[in-house]
Amino acid sequence: MPPRWPRKPDRKDPDFRRLDDRMNFAVHVMVFLAFNSGLWFFHIIKYPNWSWLVQFTGIWAVILLLHLIYIAVIADYSVKTNG
């Protein structure tokens, strides 16, 4: 069952932004795991000469780590007022 938001979703709402960023991160992790596990499966089974795969997975993992650092440490979810 999908999560329900108690009020109208608005990117100006800090709680909604926090939830949205975390859900986007979860999707990013799922795509990373699905895609890379498929690549590694084929690498192990049929294509052992894919030497680029370690670097590809490492770069994507670093990007994923930077995404986590952004949502956990850098992102500012405080209420902003105009004026």
Exactly one of L39, L66 is out of contact with any Cys (no Cβ under 9 Å at 6 or more places or on another chain), surrounded by fewer than 12 Cβ atoms within 10 Å (Cβ to Cβ) and over 24 Å from P2 (Cβ atoms), and that residue is L66
I'd like to check something: does the range 74-82 contain any residue that is at pLDDT 90 or above and surrounded by 14 or more Cβ atoms within 10 Å (Cβ to Cβ)? no
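Every residue, every condition in (1) assigned to a loop (DSSP other than H, G, I, E, B); (2) in contact (Cβ under 8 Å) with a residue 12 or more places away in the chain, yes or no:
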| site | (1), (2) |
| --- | --- |
| P6 | yes, no |
| D10 | yes, no |
| F16 | no, no |
| M30 | no, no |
| F41 | no, no |
| S51 | yes, no |
| T57 | no, yes |
| W60 | no, yes |
| L65 | no, no |
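The values are calculated or read from the model by the stated rules, or taken from the named source; none is laboratory data. Because the structure is predicted, anything quoted here is derived from the model rather than measured. Every residue, glycine among them, receives a Cβ derived from its backbone with ideal geometry; neighbour counts consider all protein chains shown.
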